[in-house]
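The values are calculated or read from the model by the stated rules, or taken from the named source; none is laboratory data. Since the structure is predicted, the reported quantities are computational estimates derived from the model, not experimental observations. FYI the Cβ positions are ideal-geometry reconstructions off the backbone, even for glycines, and counts take in every protein chain you see.
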Amino acid sequence: MLLSFVLHSLEEGFLFAILALGVYITFRVLNFPDLTVDGSYPLGAAVAAVLIVRGMNPFSALLFSALAGGLAGLLTAFLHTKLKITPLLAGILTMIALYSINLRIMGRPNISLSEYLGHRTVITILREVNLPIRSEYFIPLIFFVIVMVLKELVDLFLHTEIGLTIRATGDNEQMIRAEGVNTDTAKLIGLSLSNALVALSGGLFAQYQGFADVGMGIGMIIAGLASVIVGQSLVRGRTVELMTLGAIVGAIVYRLAIAMALKWGYNFGFRPTDLKLLTALLVITILSFPYLRAKVKRLEES
Amino acid sequence: MLKISHLTKIFFKGTPNENVALRDINLEVASGDFITIIGSNGAGKTTLLNLISGVYLPDKGKIEINGKNVSNLPEHKRAKFIGRVFQDPLQGTASSLTIEENLAIASLKGQKKRLRFAVTRKKREEFKEKLRALGLGLENRLQERVGLLSGGQRQALTILMATLSKPDLLLLDEHTASLDPKTAQKIILLTEEIVAHHKLTTLMVTHNMEEALKFGNRTIMMHEGEIVLDIKGEERERMSVKDLLDKFSEVRKERLVEDKMLLV
């Protein structure tokens with residue numbers, strides 16, 4: 001019972017880790033608070049769900065999820081770099097536009113991918129694989145491998161010439177322009193890559209939970225941010241490799257904490273609908289902790 | 001090699017805060033010139049450098065580099081001709097990137113960025129050699145983040161980065177002003193050495209009158225957006241710091257009130 005609880009939390013944690021990698025790229029690398037995530041996550045889910053229902057291979061459907069997410073990121077970057085809209089607002093505008101677009105794509109607010117309706121998802125395909133180990137171990141293992149491969153790709157990318165210009169753009173825009181880099185291009189690439197990862201995460205999660213819902217993106221940016229911040233306090237170090245690792249660890253820990261709250265929280269009067277509230281409180285606590293600690297210290301000393 | 005004609009820049013045009021930062025500037029810089037630029041705060045020195053490098057676009061006038069009109073070229077497209085070092089040591093480098101990553105960016109200046117590793121073994125050797133020449137021991141710290149370096153070390157690194165691709169034009173904006181005197185001395189000597197070695201055409205803004213006369217082959221003085229003095233050759237050699245200050249007072253027709261100008 002407990003084992004299956006942990007395994008399920010891990011599965012969800014790995015799926016969230018993909019989103020956290022995306023959020024890491026915008027928030028930490030590009031220093032761009034990108035709220036597109038709340039729209040691109042359900043966008044990935046919507047695209048995957050519609051394509052699967054129409055009979056596409058669920059793995060290929062994920063590619064289109066990522067592609068759609070990349071386009072959403074491009075739109076936000078375009079609003080910011082070419083139309084000079086502030087980062088926060090550019091992200092919110094794309095997000096709100098995507099709400100309608102997602103409804104258009106799905107044709108209704110919710111699409112079921114249940115196997116009872118005959119739909120094949122990544123999960124059903126993985127369950128059918130004949131292996132000496134049981135599918136309940138095999139699936140989290142595959143998720144883990146997917147996450148680690150993506151992490152490795154992100155790490156490698158951030159060490160390429162293009163990757164370096166993206167990192168420098170987030171660090172010191174003036175310097176990198178003086179070095180002859182078009183910072184607009186760097187932001188376009190960074191934002192589309194980030195949202196491609198987010199949408200991939202959404203597409204996978206829809207298949208995992210067996211449905212896509214237009215509201216499934218609400219608060220995802222905070223969840224991603226929480227993962228990145230929690231990870232940063234658990235995995236210390238400023239290299240790209242350690243920071244992406246931190247995002248993954250953070251996502252898993254965050255997901256585990258949420259799962260525990262859902263499982264045992266009712267003892268304290270907690271309801272599943274309080275989830276977003278809990279997430280907000282968690283992020284507020286983490287963000288304010290360093291300041292409050294310093295303040296308490298000052299008070300103690302005086 | 002650099003030709004500036006009728007360059008004018010007005011900030012907050014058409015508002016009560018309208019400020020003419022540059023007024024019909026004409027300047028011709030020969031290849032290999034090392035020009036020092038002096039002038040009080042608000043004289044337009046930094047604005048001039050910013051216009052040359054494309055941070056702002058001019059309201060009027062033309063800027064040509066090697067016969068090419070760059071007046072309306074965006075900053076990142078001019079960068080391949082121009083190396084820059086700023087007053088603030090934090091400005092010229094990316095602090096979350098390592099020393100070798102910063103150098104890699106500088107080495108790719110003006111080139112198309114590709115999807116291949118930025119720091120190769122070959123490049124690393126090349127960087128090591130260049131860093132060794134600085135004599136700061138940075139060649140053993142290639143993989144450290146630049147944020148861990150001191151202001152002087154960062155400024156030395158910035159100079160190396162700015163000159164790595166041998167730019168046509170080197171712009172130095174009071175690049176020693178925020179360093180302690182000893183480090184400033186080191187950096188200015190390093191600058192001179194690198195400029196001489198690559199025979200770089202250089203514009204250096206400074207508040208230090210002694211430096212202004214000691215380094216380079218030509219000195220210009222700016223005041224309220226205009227070039228009020230332009231000396232070179234014999235005339236410049238005969239000029240002392242006191243003469244320069246006198247000239248300066250003459251231009252301002254008032255006593256020097258600014259402490260910074262008296263620092264020699």
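Quick notes
- When residues of region A:1-53 are limited to those that are among the hydroxyl-bearing types (Ser, Thr, Tyr) and modelled with pLDDT under 95, the one nearest to residue A:70 (Cα to Cα): A:9
- Qualifying residue in region A:278-294 (condition: closer than 18 Å to residue A:24 by Cα, at pLDDT 85 or above and polar (S, T, N, Q)): no
- Evaluation of residue B:80 against (1) under 20 Å from residue A:181 (Cβ atoms); (2) crowded, with 23+ Cβ neighbours inside 10 Å; (3) charged (D, E, K, R) (one fails), failing number: (2)
- Residue, nearest to residue A:3 (Cα to Cα), within region A:242-297, restricted to residues that are hydroxyl-bearing (Ser, Thr, Tyr) and in contact (Cβ under 8 Å) with a residue 12 or more places away in the chain: A:254
- Count of region B:48-68 residues which are within 16 Å of the chain's Cα centre (by Cα), surrounded by fewer than 19 Cβ atoms within 10 Å (Cβ to Cβ) and more than 14 Å from every other protein chain (Cβ to nearest Cβ): 0
- Among the criteria (1) under 25 Å from residue B:205 (Cβ atoms); (2) β-branched (Val, Ile, Thr); (3) within 11 Å of chain A (Cβ to nearest Cβ), the one residue B:98 does not fulfil is (1).
- Cβ-Cβ under 9 Å pairs, at least 6 apart or on other chains, region B:69-93 side within 16 Å of residue B:203 (Cβ to Cβ) and facing chain A (nearest Cβ under 7 Å), far side part of a loop (DSSP other than H, G, I, E, B) and β-branched (Val, Ile, Thr): B:79/A:181
- Selection status of residue B:108, aliphatic (A, V, I, L, M), more than 8 Å from chain A (Cβ to nearest Cβ) and more than 15 Å from the chain's Cα centre (by Cα): no
- Sole exception among (1) in contact with a helix residue (DSSP H, G or I) (Cβ under 8 Å, 6 or more places away or on another chain); (2) over 30 Å from residue B:99 (Cα atoms); (3) more than 14 Å from chain B (Cβ to nearest Cβ) for residue A:82, by number: (3)
- Number of the exception - residue B:85 against (1) touching a Leu at 6+ places or on another chain (Cβ under 6 Å); (2) farther than 30 Å from residue B:125 by Cα: (2)
- Some residue of region A:145-153 being buried (at least 17 other Cβ atoms within 10 Å of the Cβ), more than 24 Å from residue A:49 (Cβ to Cβ) and within 14 Å of chain B (Cβ to nearest Cβ): no
- Spans of helices (runs of 4 or more DSSP H) in region A:157-261 with at least 2 residues surrounded by 24 or more Cβ atoms within 10 Å (Cβ to Cβ) and more than 14 Å from chain B (Cβ to nearest Cβ): A:183-209, A:220-234
- Summed over region A:235-275, the residues that are over 22 Å from residue A:198 (Cβ atoms) and modelled with pLDDT of 90 or more give a count of 1.
- Qualifying residue in region A:140-151 (condition: within 25 Å of residue A:77 (Cα to Cα) and aliphatic (A, V, I, L, M)): yes
- Of the listed requirements (1) of a type outside the set (Gly, Ala, Ser); (2) closer than 18 Å to residue A:175 by Cβ; (3) out of contact with any Leu (no Cβ under 7 Å at 6 or more places or on another chain); (4) at pLDDT 90 or above, residue B:129 misses just one: (2).
- Leading residue by the ranking (modelled with the lowest pLDDT) among those in region B:154-169 that are under 17 Å from residue A:177 (Cβ atoms) and within 12 Å of another protein chain (Cβ to nearest Cβ): B:165
- Applying the condition of being of a type in the set (Asp, Glu) and away from chain A (no Cβ under 14 Å) to region B:111-153 and asking which residue is nearest to residue A:177 (Cα to Cα) yields B:126.
- Residues in region A:148-191 that are among the hydrophobic types (A, V, I, L, M, F, W, C), farther than 19 Å from residue A:27 by Cα and modelled with pLDDT of 95 or more: A:148, A:149.
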